[in-house]
Amino acid sequence: GVDSGGVLRTLLEKKLIKILGKKDVPGKPLVYGTSKHFLEMFGLKDLSGLPTLKDLAGLGPPPPQEQVLPLRNGKSDEEEAASREEETKSERMGEKNEPAGETSKDLG
């Protein structure tokens, strides 16, 4: 479960909620309710002035959408990595094919 003890403690300290009693079920959890101070603080006559859950559903942020990252040089990350690997191989092959400094003909 979620530990809501800290939030409830803060609401109790600010007198925004009050303990109404205990529920008659195993564990006897506390039952909380809004206080008169809560209504006054939010300028409400009663709880019917609060928005419904349906009203609140439209106020949240839009659902997350997939982020599409732009291609680099028109290539996907996989294509870019393969291209870099191919360039590295070509560079290594070029080093092996180049003549090294002096040869036996130059010494003779």
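Rule-based calculations on the coordinates, nothing more; no lab input. Note that the coordinates shown come from a computational prediction; the quantities given were computed from them, not determined experimentally. With ideal geometry, Cβ positions are generated from the backbone for all residues, glycine too; neighbour counts draw on all protein chains shown.
Between amide H atoms placed 1.01 Å from N, distances below 5 Å from S35 occur with I17, K18, all of them 5 or more places distant or on a separate chain.
Suppose R0 equals 22 Å. What FRET efficiency, 1/(1 + (r/R0)^6) with r the Cβ-Cβ distance, do L30 and L50 give to the nearest 0.05?
0.55
To the nearest 0.05, how large is the calculated FRET efficiency for E13 and V68 if R₀ is 30 Å and r is the Cβ-Cβ distance? After rounding, the FRET efficiency stands at 0.05.
Over the stretch 5-47, the hull volume per residue, using the convex hull of the C-alpha atoms, is 72 Å³.
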